[in-house]
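K.L.:
Structure in structure tokens, see below.
The values are calculated or read from the model by the stated rules, or taken from the named source; none is laboratory data. Quantities reported herein were computed from a predicted structural model and do not represent experimental measurements. Here Cβ is always computed from backbone atoms with ideal geometry, including for glycine, and neighbour counts include all displayed protein chains.
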Amino acid sequence: MSNSTIPFLTLENVTKRFGLFKAINGVSEVFAPGELICVIGPNGAGKSTLLNMICGTLPVSEGRVLFGDEVINGLPPEKIANLGIARKFQVPSVFESLTVAENLTLAGGRGLNRDELDALIEKIHLTAERDIRGADLPHGGKQWLEMGMALAMKPKVLLLDEPTAGLSVDETSDTARFLKQLRGEATVIVIEHDMAFVRELNARTIVLHHGALIASGSFEDIESNEAVRDVYLGRH
């Protein structure tokens, strides 16, 4: 198979069991190189569980996760990260005793030169805070810094779990613009609850409910989907 015909990130009938409970139930999906995707669904739909299986922090009970033509489920998280899959968790986790620049340099390792560091600091809107310690950043600054730390690894896939949690309206809008600029640079998969943010992203959106994928399409299609509306209105 030529590289041009190999899907970038593929889920094949992925299932996660906790005892008799299926947190994820037979999800199959293909994510393209450079694509921006939103994953939405009610609380308990299995969104974070799905990301945890992709990045290896949770084992897959059934099915396969493929990165290119390589099966990655079963690999340790650090190996998956080294392949080019980076994860930002919902709660910011930065090195509080280090400055913004030092956090990014540490995350990027030897692969991040000075020009790239300067460009990354500007990209995440923290130029003025370059020499501020992580502990002294406001919540929004910490969210942006952690996204920058993930990008410093030059990932091929970036997994974001509620990147706008705790952000102001303006910061949320800035985050939407920022993520849209990443189209083509990395495959970005975003979990979100803020429908205004998802609408502003205007990206392909997939909907989980009780661990199953019930819809996939443009946000406009998802917004008008009766099954999705029923789920969010509690009719199912």
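K.L.:
Do you know which residues across region 33-58 are in a loop (DSSP other than H, G, I, E, B), free of Cβ contacts under 8 Å to residues at least 40 places away in the same chain and either buried (at least 19 other Cβ atoms within 10 Å of the Cβ) or within 10 Å of the chain's Cα centre (by Cα) (or both)?
P.N.:
Of everything in region 33-58, just one residue is in a loop (DSSP other than H, G, I, E, B), free of Cβ contacts under 8 Å to residues at least 40 places away in the same chain and either buried (at least 19 other Cβ atoms within 10 Å of the Cβ) or within 10 Å of the chain's Cα centre (by Cα) (or both), namely G56.
To keep it simple, each residue is scored yes or no on (1) touching an Asp or Glu at 6+ places or on another chain (Cβ under 9 Å); (2) in a loop (DSSP other than H, G, I, E, B); (3) closer than 24 Å to E162 by Cα; (4) without any contact (Cβ under 8 Å) to a residue 60 or more places away in the chain.
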position: S97; (1), (2), (3), (4): no, yes, no, yes
position: L104; (1), (2), (3), (4): no, no, yes, yes
position: G109; (1), (2), (3), (4): no, no, no, yes
position: A135; (1), (2), (3), (4): yes, no, yes, yes
position: G141; (1), (2), (3), (4): yes, no, yes, yes
position: M147; (1), (2), (3), (4): no, no, yes, yes
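K.L.:
Can you go through T164, T175 and tell me which one is in a helix (DSSP H, G or I) and among the polar types (S, T, N, Q)? Before the answer, list the steps.
P.N.:
Values: T164 fails: in a helix (DSSP H, G or I).
Result of the check over T164, T175: T175.
K.L.:
Can you name the residue in region 118-166 that is in contact with a Ser or Thr (Cβ under 8 Å, 6 or more places away or on another chain), surrounded by fewer than 22 Cβ atoms within 10 Å (Cβ to Cβ) and of a type in the set (D, E, K, R) and is also farthest from N52 (Cα to Cα) among such residues?
P.N.:
D131
K.L.:
Further question on the same structure: Which of (1) part of a loop (DSSP other than H, G, I, E, B); (2) modelled with pLDDT under 95 is the odd one out, the single condition A81 does not satisfy?
P.N.:
(1)
K.L.:
Is there any pair with a first residue in region 1-14 that is of a type in the set (K, R) and a second that is modelled with pLDDT of 95 or more and surrounded by 12 or more Cβ atoms within 10 Å (Cβ to Cβ) whose Cβ atoms are under 9 Å apart and which are 6 or more apart or on different chains, and what are they?
P.N.:
Listed by first residue and then by second, the contacts come to nothing, as the list is empty.
K.L.:
Could you tell me whether region 167-188 includes any residue that is within 19 Å of N43 (Cα to Cα) and crowded, with 21+ Cβ neighbours inside 10 Å?
P.N.:
No, because not a single residue in region 167-188 is within 19 Å of N43 (Cα to Cα) and crowded, with 21+ Cβ neighbours inside 10 Å.
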